[in-house]
Amino acid sequence: MRKLAFLTLILFMGISTFAQLPISLGVKLGLNSSKINSENFTAPDTWTDYNTSDLLDDAKNGFNVGAFARLKLNRFYLQPELYYSVKKGSTDFNVPESLDLGDAVTQNLKLKTVDIPLLLGMKVIDLKLASVRAFTGPVMSVILDNSSISYNKADGVKIDNIDDFSMDNWKDNSWGWQLGGGIDVAMFTFDVRYEWGLTNVNSLDKAKDLGKLGLENKSNMLTFALGFKFF
């Protein structure tokens, strides 16, 4: 009991000291609409005399959950974040008749990532109980799992055992840029932000060297997030 009481006292002293610093800690939960754009289609070597048509990318809904810290510098602030994110997307494209797949194929993507933004923001409007913010900054995404990537024929049947559609060449991380705004009311925060993908999430060169399907995939995403600040 004495040890527990001592540790409890130390904990409260640490929280009290930390609360005096111009730093806020918080948690957040968000919903995202991600569109994983597929560009620069590279047909495998087996697809002779094949001209690709325009790719059609569709946005899908996902989510993210994590935490943030906010270092206050008068009207400006620096906000590093760390959150787990699920991003989804799909791409439709035509294929050669020789593959006997019904002409159209859909690439379904579901990426599980850890996202690490570093945001610089400022208070645009500062009231007593509420404030309006704007922010921007880079974000690094570490890809944890891409096992949910699949290909389906136009009738919805999954494509298996075709080397042209093997996607074992995804990168471990990618970079993006975020821009958005937010509102703080007491201890609650609400953010809206858009993220542009700056780098590919797969290795096109490797896919091309293997003679397989090559797509440059970049993730663009709109996110709505609700958070709570502890300090």
Entries in Lys112/Lys218; Lys87/Lys171; Lys35/Lys229; Lys72/Lys171; Lys110/Lys218 that, when Cα-Cα distance is taken, lie over 24 Å: Lys35/Lys229; Lys72/Lys171
Just add up the charged neighbours of Gly227: K/R +1, D/E -1, any other residue whose Cβ is under 13 Å from the Cβ of Gly227. +2
Peptides 66-76, 126-136: what's the order by average Cβ count within 10 Å, highest mean first? 66-76, 126-136
Given the Cα-Cα distance of Phe76 and Leu29 and 0.36 nm per residue of separation, how much length would full extension add, in nm? 14.6 nm
Given a Förster distance of 45 Å, report the FRET efficiency between Asp58 and Lys128 from their Cβ-Cβ distance, rounded to the nearest 0.05. 0.55
Collect residues whose amide H, placed 1.01 Å from N in the peptide plane, falls under 5 Å from the amide H of Lys171; neighbours closer than 5 in sequence don't count. Asn202, Ser203
Amide H neighbours of Thr199 under 5 Å, counting only residues 5+ apart in sequence or on other chains, H built in-plane at 1.01 Å? Trp175
Local electrostatic count, Val86, Cβ distance below 9 Å [Lys/Arg +1, Asp/Glu -1]: +4
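Rule-based calculations on the coordinates, nothing more; no lab input. Not measured: the values here are computed from a predicted model. Every residue, glycine among them, receives a Cβ derived from its backbone with ideal geometry; neighbour counts consider all protein chains shown.
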